[in-house]
Amino acid sequence: MKTEVVASEKVKAFDCQHFINGRFLPSQSGKMFQNINPATGEVIGTVCEGGKEEIDLAVAAAKRALSGPWKRMTTGERIAVLRRIGDLILERKEELARLESLDTGKPYSLSLTLDIPRAAYNFHFFADYLRSVGTEAYQTDEVAINYSIRRPVGVVGLINPWNLPLLLLTWKLAPCLAAGNTAVIKPAEWTPLTATVLAEICKEAGVPDGVVNVVHGFGPDSAGAALTEHPDVDAITFTGETTTGKVIMAAAAKSLKKLSYELGGKNPNIIFADADLDEAIETTLKSSFMNQGEVCLCGSRIYVERPIYEQFLQKFVAKTKELVVGDPFDPKTDVGALISEEHYERVMSYIELAKEEGGRILTGGKRPDGLDQGYYLEPTIIVGVNRNCRIVREEVFGPVVTVMPFDEEEEVIAQANDTHYGLSATIWTNDLRRAHRVAARIEAGIVWVNTWFLRDLRTPFGGMKQSGIGREGGMHSFEFYTELTNICIKL
Ligand code: NAD
C-alpha cells in the first residue's frame, strides 16, 4: 500500500494493494478499479482487483501458515498479539476513522466514536475471552471418560459488506485468530481502505506472515467467487445480502465448507402506548437513521399503538427534520452520504415505489437542498402503506422507515413476524409481562426492550429465517471458528 501524508481531510486517500503472505502485492492481472468517495462522487484512489490467481496465492500462504510459528504460539502469546492489534487500532484511530468516512460517506464523528473503538474492542474482547474457553468432559458410568479438545478449523474466508467495514471485519477476524485459524479477507469493493490498514497493523502487532491475507475485488467472477470456490478454504464467514448468501452457499457446497451467515433484515420497532415516548423517539431516530440507515439492525418497520400514533408521528417527524444531512467531516453532521450512486438510485426507487403503493412521505424523500454532489438523501418517513407493500416487506438499507398504527398485541406480533427475515426487533413498553411475552414471540435472533444497539459481545448475535445461519459472539464464535474432537477413553 502506498501511504501518503494527507494534508487535507478531504483530498486523496490511498491506492490499495492486496496483502498476501505478509507483504503488499500489486494486481497480478493488472486489473484495477476506482475507489469513489460517496460524499463527493470523486475518485480517491485505485484498488487492485484480485481473482483466482491472487486467491490461490493467499489461500496457499494461509494454509502454510497454519503449521508455522502461529501454531506454535502459546495461548498467552496469541492473547498478547490480539491485544496489541486492538491497541494499534486505537493508536491510529483518527486515521482509520478518516479512511472509514472517506470510503463509506458516514459521519466522521460516528467512525471515531463507534466503528473504530469497537473494532479495537473486538480484539481486546476476544483476547480476554480466549482465556476462559473450555471444552466438555463426561464420565460414562464406570466404563469410560470422554473429553473434547478444540482445534482451529483451518483457512477461513472472511467476506464483508461495506456498511461497517472495519467493525464487522474485526468482529470476524478477532475470534478467527483467537481460535488459531488463518484468514483470507475479501473486503467489500466499495470500502477497501481500513481492511488494508488492518493488514499492516496485524503485521506490526506480530501476526506471522500468511496468517492474515487481504484480497480486494468484487463478488461474481472475481475474488469473492474464487474464495468461496477454493477447495482449501475450510470455512466461510459471510456478512451481506441474503441473495448473495444463497449464491455463496451453492459455491461452498462443492467442498462442504463450514458456513456462518449474517444476512439482511427488515426489523420491526414496536412502540406500545405505555412506553416512555420521548426515550422511544430519541432511540428510534438512531435505529432509523444512524449510519444513513445502512445498519443491518436498523428498525425500518415502525409499529405504533394507535392511542399514541398521532403524537408519535408529530414528534418523530419534527425531530427527524432537525437531523443535519451533509459533509461527513462536518462535526454538525448527523447523516452522511449513501455508499454509492447505484445504491442511492436503488433507495430512491423504493421511495417512488412506496408512493405508487399509496404511501405518503411525511418528511424526506429527496436530495437535500444545496447538496448537489455526492449521494445524499434526506431521512424519510413514510405512512399510509400496509403489510403487503414491497416497501414494508423488502430491505431498503437506507434512511427510510415506514410507520404503521396497530391496535392489538396479537396483531402487531403477527405483522412483525410476517417476513422472511428474522434478524432483530425492538419493543418499547413499561409493562414487564408484556415485554417478556412479546419478546419471546418475535421471530428474531436479537430482541431489544426499551433500547437498541446495546451489545454485550458475549451474547449470541445473528439472525433466524433468511437473516442468517448460526450465531457469533462469545462462545458462539468459538463454536464456529474451532473444530471439536471427542476423545473417549475406556477405563
Ligand atoms: P453484498 O451481499 O452485496 O456484498 C457483501 C460481500 O459479498 C462483498 O464483499 C461482495 O463483494 C461479496 N460478494 C458478492 N457476491 C459474491 C459472490 N457471488 N461470491 C462471493 N462474494 C460475493 O452485501 P452489501 O451490499 O455489501 O451489504 C449490505 C447487506 O449486508 C444488507 O443486506 C445488510 O442487511 C447486510 N448486513 C448484515 C449484517 C448482519 O450482521 N446480519 C451486518 C451488516 C450488513
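Could you please find all residues in region 196-245 being over 21 Å from Q28 (Cα atoms), assigned to a loop (DSSP other than H, G, I, E, B) and under 21 Å from the mean Cα position of the chain (by Cα)?
Once the filter is applied, which keeps residues that are over 21 Å from Q28 (Cα atoms), assigned to a loop (DSSP other than H, G, I, E, B) and under 21 Å from the mean Cα position of the chain (by Cα), region 196-245 yields G240, E241.
Could you tell me which of the residues T228, T191, T182 is under 17 Å from V59 (Cα atoms), within 15 Å of the ligand (Cβ to nearest atom), polar (S, T, N, Q) and crowded, with 24+ Cβ neighbours inside 10 Å?
Only one candidate qualifies: T228.
Can you pull out the residues in region 241-256 that are within 8 Å of the ligand (Cβ to nearest atom) and open to solvent by 20 Å² or more (accessible area, probe 1.4 Å)? Walk me through it before giving the result.
As a first pass, look at region 241-256 and keep what is within 8 Å of the ligand (Cβ to nearest atom): 241-245, 247-248, 251.
If the condition is that a residue be within 8 Å of the ligand (Cβ to nearest atom) and open to solvent by 20 Å² or more (accessible area, probe 1.4 Å), then E241, T243, T244, V247 are the ones that fit.
Tell me which residues, restricted to region 418-470, are more than 23 Å from K246 (Cβ to Cβ), in contact with a helix residue (DSSP H, G or I) (Cβ under 9 Å, 6 or more places away or on another chain), in a loop (DSSP other than H, G, I, E, B) and aliphatic (A, V, I, L, M).
I442, L457
Only one of D407, D372, D327 is out of contact with any Ser or Thr (no Cβ under 8 Å at 6 or more places or on another chain), open to solvent by 10 Å² or more (accessible area, probe 1.4 Å) and in contact (Cβ under 8 Å) with a residue 60 or more places away in the chain; which?
Numbers: D372 fails: in contact (Cβ under 8 Å) with a residue 60 or more places away in the chain; D327 fails: out of contact with any Ser or Thr (no Cβ under 8 Å at 6 or more places or on another chain).
The match here is D407.
Can we say A251 is over 30 Å from A435 (Cβ atoms) and touching an Asp or Glu at 6+ places or on another chain (Cβ under 6 Å)?
yes
Got at least one residue in region 427-439 being on the phi > 0 side of the Ramachandran plot, modelled with pLDDT of 95 or more and either more than 16 Å from the chain's Cα centre (by Cα) or within 13 Å of the ligand (Cβ to nearest atom) (or both)?
No, region 427-439 contains no residue that is on the phi > 0 side of the Ramachandran plot, modelled with pLDDT of 95 or more and either more than 16 Å from the chain's Cα centre (by Cα) or within 13 Å of the ligand (Cβ to nearest atom) (or both).
Say whether the condition of being under 29 Å from R434 (Cα atoms), β-branched (V, I, T) and in contact with a helix residue (DSSP H, G or I) (Cβ under 9 Å, 6 or more places away or on another chain) is met by at least one residue in region 323-343.
no
Which residues, taken from region 387-413, are part of a loop (DSSP other than H, G, I, E, B) and either of a type outside the set (S, T, N, Q) or touching a Cys at 6+ places or on another chain (Cβ under 8 Å) (or both)? Give the derivation first.
If we filter region 387-413 for residues that are part of a loop (DSSP other than H, G, I, E, B), which is where we start, we get 387-389, 394-399, 407-408.
Matches in region 387-413: R387, C389, E394, E395, V396, F397, G398, P399, D407, E408.
Evaluate the following for K203: is it away from the ligand (no atom under 13 Å from the Cβ), open to solvent by 10 Å² or more (accessible area, probe 1.4 Å) and of a type in the set (K, R)? Step through it out loud before you land on a result.
Working: away from the ligand (no atom under 13 Å from the Cβ): yes; open to solvent by 10 Å² or more (accessible area, probe 1.4 Å): yes; of a type in the set (K, R): yes.
Yes; evaluated as a whole, the condition is true for this residue.
The values are calculated or read from the model by the stated rules, or taken from the named source; none is laboratory data. Model, not experiment: these values are computed from the prediction. Positions of Cβ are backbone-derived with ideal geometry, glycine not excepted, and every protein chain shown enters the neighbour counts. Surface accessibility is based on the protein's heavy atoms, side chains included, excluding ligands, DNA and RNA. Shrake-Rupley method; radii C 1.70, N 1.55, O 1.52, S 1.80 Å.
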